[in-house]
Amino acid sequence: LIFASLFAMTVSAADLITVGYAQIGAESDWRTANTESFKSTFTEENGFKLIFDDAQQKQENQIKAIRNFIQQEVDYIVLAPIVETGWETVLGEAKEAGIPVILSDRQIKVTDDSLYVAWVGGNFLQEGYNAVEWLDGYLKENGRENEDINIVLLQGTIGSSAQVGRTEGVEKLLADRPKYHLLAKQTGEFTQAKGQEVMESFLKSYDDIDVVIAENDDMGYGAMEAIKAAGKVPGKDIIMISYDSGRRAFEKVIAGELNVTVECNPLHGPRVAEIIKKLEAGETVDKIQYVDEGVFDIKNAAEILPTRTY
Ligand code: GYE
């Protein structure tokens with residue numbers, strides 16, 4: 001909508017801004033919503049030609065995609081980096097070719113930060129804190145603040161900034177509060193199937209799990225299946241905490257199977273388009289752009305659900 005007015009004049013194919021988007025994969029509801037956000041924003045109507053690549057959660061595929069974009073002489077490269085490290089060489093090639101790179105969603109670790117123009121995404125460390133702070137409040141409201149609490153952590157893709165930040169935030173606050181015991185942590189690769197598998201093994205090893213923190217909702221859904229199969233009730237026998245907050249998560253909260261979903265907003269298409277629009281106009285852009293995020297539990301889920309588009 002924003003861009004409809006900007007590009008109201010009919011643009012010929014030659015005037016379109018070509019954008020290559022190196023997407024991570026299709027591992028979660030979040031990712032699907034993120035892809036949809038780019039596809040519906042970077043349209044010809046809005047003045048763009050989008051070249052979309054799905055790397056199937058493999059960094060080597062993303063590197064290949066970026067090299068293809070360079071070869072095709074795109075105007076901009078957008079990268080949602082799977083992991084934080086290993087980007088110097090290929091981003092150096094993009095820089096050499098004079099193609100600006102915009103990062104979206106996850107961050108990277110590079111010594112030369114001129115390798116990208118800007119990044120937009122969620123504050124993963126804060127999201128980590130949000131989960132534990134919610135748990136503090138929930139236990140208190142239920143008169144359980146003096147209990148010892150056993151926690152298992154289902155982590156995202158190891159080395160992805162979403163995993164690194166959330167794990168760090170969670171672990172830091174758990175360490176500050178001696179009543180919390182982190183029994184185990186393991187990656188479920190941000191997928192429902194892997195989340196279920198890992199939770200099955202946690203349940204075999206520990207019969208006294210009080211809380212599951214899943215670093216995305218999809219792994220949380222998998223964990224729910226494992227818990228039900230073990231004869232327990234997710235959301236009641238085991239407190240369920242997960243991340244992202246798409247519609248399915250709201251429905252699970254309302255159904256009582258998920259106690260809280262910590263928001264991570266996937267609608268980066270318009271945000272990246274805004275950055276490109278500014279760059280095209282010769283304006284400067286903020287290098288790091290965090291998106292505001294909430295926390296949704298039974299107290300506010302029903303009210304918010306109707307406004308969720310994804
Ligand atoms: O939480 C998860 C997805 O990087 C923030 O990736 C993103 C994460 C999101 O697979 O569902």
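The values are calculated or read from the model by the stated rules, or taken from the named source; none is laboratory data. Note that this is a predicted model, so its numbers are computed, not measured. Quick reminder, even Gly has a Cβ in these numbers, built from the backbone with ideal geometry, and neighbours come from all protein chains shown.
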Search the range 265-277 for residues that are within 16 Å of the ligand (Cβ to nearest atom) and pair each with any residue that is part of a loop (DSSP other than H, G, I, E, B) when their beta-carbon atoms are under 7 Å apart and the residues are at least 6 apart or on different chains.
Asn265/Gly122; Asn265/Val291; Asn265/Glu293; Pro266/Tyr310; His268/Asp105; Gly269/Phe42
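The rows are residues; the columns are (1) in contact (Cβ under 8 Å) with a residue 40 or more places away in the chain; (2) in contact with an Asp or Glu (Cβ under 9 Å, 6 or more places away or on another chain).
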{"site": "Val110", "(1), (2)": "no, yes"}
{"site": "Thr157", "(1), (2)": "yes, yes"}
{"site": "Ser161", "(1), (2)": "yes, yes"}
{"site": "Thr167", "(1), (2)": "yes, yes"}
{"site": "Leu183", "(1), (2)": "no, yes"}
{"site": "Gly188", "(1), (2)": "no, yes"}
{"site": "Asp208", "(1), (2)": "yes, no"}
{"site": "Val211", "(1), (2)": "yes, no"}
{"site": "Ala214", "(1), (2)": "yes, no"}
Would you be able to say whether some residue in the range 145-157 is assigned to a helix (DSSP H, G or I), closer than 17 Å to Glu263 by Cα, within 16 Å of the ligand (Cβ to nearest atom) and not aromatic (Phe, Trp, Tyr)?
no
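Residues checked against (1) at pLDDT below 95; (2) crowded, with 21+ Cβ neighbours inside 10 Å; (3) β-branched (Val, Ile, Thr); (4) within 16 Å of the ligand (Cβ to nearest atom):
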| position | (1), (2), (3), (4) |
| --- | --- |
| Leu6 | yes, no, no, no |
| Trp30 | no, yes, no, yes |
| Asn46 | no, yes, no, no |
| Asp75 | no, no, no, no |
| Ala94 | no, yes, no, no |
Pairs needed: first member in the range 236-250, farther than 16 Å from Glu215 by Cβ; second member anywhere, β-branched (Val, Ile, Thr); C-beta distance under 8 Å; at least 6 residues apart or different chains.
Asp237/Ile227; Ile238/Ile209; Ile238/Val211; Ile238/Val212; Ile238/Ile227; Phe250/Thr261; Phe250/Ile304
Going through the range 117-142 one residue at a time, which ones are more than 16 Å from the ligand (Cβ to nearest atom) and either of a type in the set (Val, Ile, Thr) or crowded, with 17+ Cβ neighbours inside 10 Å (or both)?
Val117, Ala118, Val132, Trp134, Leu135, Tyr138, Leu139
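Each row is one residue, and each column tells you yes or no for (1) part of a loop (DSSP other than H, G, I, E, B); (2) under 18 Å from Gly269 (Cα atoms); (3) modelled with pLDDT of 95 or more.
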site: Thr18; (1), (2), (3): no, yes, yes
site: Ala26; (1), (2), (3): yes, yes, yes
site: Leu50; (1), (2), (3): no, yes, yes
site: Ile63; (1), (2), (3): no, no, yes
site: Ile82; (1), (2), (3): yes, yes, yes
site: Leu91; (1), (2), (3): no, no, yes
Looking at Glu200, Glu168, which is the one that is part of a helix (DSSP H, G or I), away from the ligand (no atom under 13 Å from the Cβ) and under 22 Å from the mean Cα position of the chain (by Cα)?
Glu168
Flag for Leu103 being at pLDDT 95 or above, among the hydrophobic types (A, V, I, L, M, F, W, C) and crowded, with 23+ Cβ neighbours inside 10 Å:
yes
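Let's see how each residue does on (1) touching a helix residue (DSSP H, G or I) at 6+ places or on another chain (Cβ under 8 Å); (2) within 16 Å of the ligand (Cβ to nearest atom):
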position: Lys49; (1), (2): yes, no
position: Glu60; (1), (2): no, no
position: Gln71; (1), (2): no, no
position: Ala80; (1), (2): yes, yes
position: Val83; (1), (2): yes, yes
position: Glu88; (1), (2): yes, no
position: Ile99; (1), (2): yes, no
position: Lys109; (1), (2): no, yes
What number of residues within the range 217-271 satisfy the criterion of being within 21 Å of the chain's Cα centre (by Cα) and either surrounded by fewer than 23 Cβ atoms within 10 Å (Cβ to Cβ) or of a type outside the set (Asp, Glu) (or both)?
33
